Amino acid sequence: MEHTDWHVNGQHSSLGSGESLEFFERKLQSDLLSPLPKTEDLDPEKVRFDRQQQDFGTVKLPCVMVIHKMPLHGQVTKK
């Protein structure tokens, strides 16, 4: 979907065209603008953390990946 807003001399106009966004597309915006997980999504019983160093040109940054533990026969696996 494309959406355009105009603000001219205190007046607001907008135009939208195309199909509405699907769930994935709506979630993509929040994931890009707020990429950090919520506290409740970091339960150590359900996730593990993998720390890696990532190189961005000459800059090296520590990065942490949150990896969801896969259920094994209905139970959460522990490492």
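The values are calculated or read from the model by the stated rules, or taken from the named source; none is laboratory data. As the structure is a prediction and not an experimental result, all values here were calculated from the model. Cβ sites come from the backbone with ideal geometry, for glycine too, and all protein chains shown count toward neighbours. We work out accessible area using only protein heavy atoms, side chains counted, and drop any ligands, DNA or RNA first. Shrake-Rupley method; radii C 1.70, N 1.55, O 1.52, S 1.80 Å.
Here is how the numbers come out for the structure above:
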read-out	value
Accessible solvent surface per residue of the chain, calculated while the other protein chains remain in place, 1.4 angstrom probe, Å²	97
Per residue Cα convex hull volume in Å³ - calculated over the chain	207
10 Å Cβ shell holding at most 11 others, DSSP loop, GluC sites (Glu not before Pro): longest site-free stretch of the chain	46-79
Count, lysine Cα pairs under 24 Å in the chain, 8 or more residues apart or across chains	12
Solvent-accessible area, 1.4 Å probe, carbon plus sulfur percent, for the chain	55
Label-point separation in nm, PHE23 to HIS68, each point 7 Å along Cα→Cβ	1.2
